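These notes concern the structure reproduced below.
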Amino acid sequence: MREPITGESHAHLLAPLQQLAGELGYSLCDIALEHGVEGWCDSERHQIAVNQQLPANAQVRVLVHELAHALGVGYEQYGRARAEVLVDTVISVRVKGNGARTRPKAWVTGVTQVGMASSVARPLARVVWVSVAGL
């Protein structure tokens, strides 16, 4: 079980991620979510929901996760287990030991090696870059 994400230090990343959702044709829903539900992506209605009860840092993680689904990493294409691993890979990008950020090209290479088409990996790299740009 993962530890809850707390804090507000990455709240400034919400606006560019929300903008990216709009650019992808998705609207963000402002609805109450059931207890324990962090968010969802409805690719048919082009809607993304993020639990507003979560701290800003957790909202960033959820929004990045749902944007990865919006970019085509769905259950139909990859199966539930693989799709969830791939979208969680997006949010587990780590800073290298020397302090350099992971560049989108390097990330695309990494995910294509685990079976994601580069046509999906490239847009996902943009989500990664937006989400780590402020770190």
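What follows draws every value from the coordinates through simple rules; no lab data is involved. All of these numbers come straight from a predicted model, not from anything done at the bench. Don't worry about glycine lacking a Cβ; one is built from the backbone with ideal geometry, like all the others, and counts go over all protein chains shown.
Computed from backbone phi with θ = phi - 60° and the Karplus coefficients 6.51, -1.76 and 1.60, the 3J(HN,Hα) list for the range 32-43 is 6, 9, 4, 4, x, 8, 8, x, 7, 10, 9, 6 Hz; x is used for glycine and proline. Backbone phi angles across the range 56-67, fed through the Karplus curve with coefficients 6.51, -1.76 and 1.60 (θ = phi - 60°), yield HN-Hα couplings of 3, 4, 5, 4, 4, 4, 5, 5, 4, 4, 5, 5 Hz in residue order; Gly and Pro are listed as x. Here's how it looks for residue 51: its modeled amide H is under 5 Å from those of 39, which are all 5 or more places away or on a different chain.
Going from the residue with the fewest nearby Cβ atoms within 10 Å to the one with the most, 29, 41 rank 29, 41.
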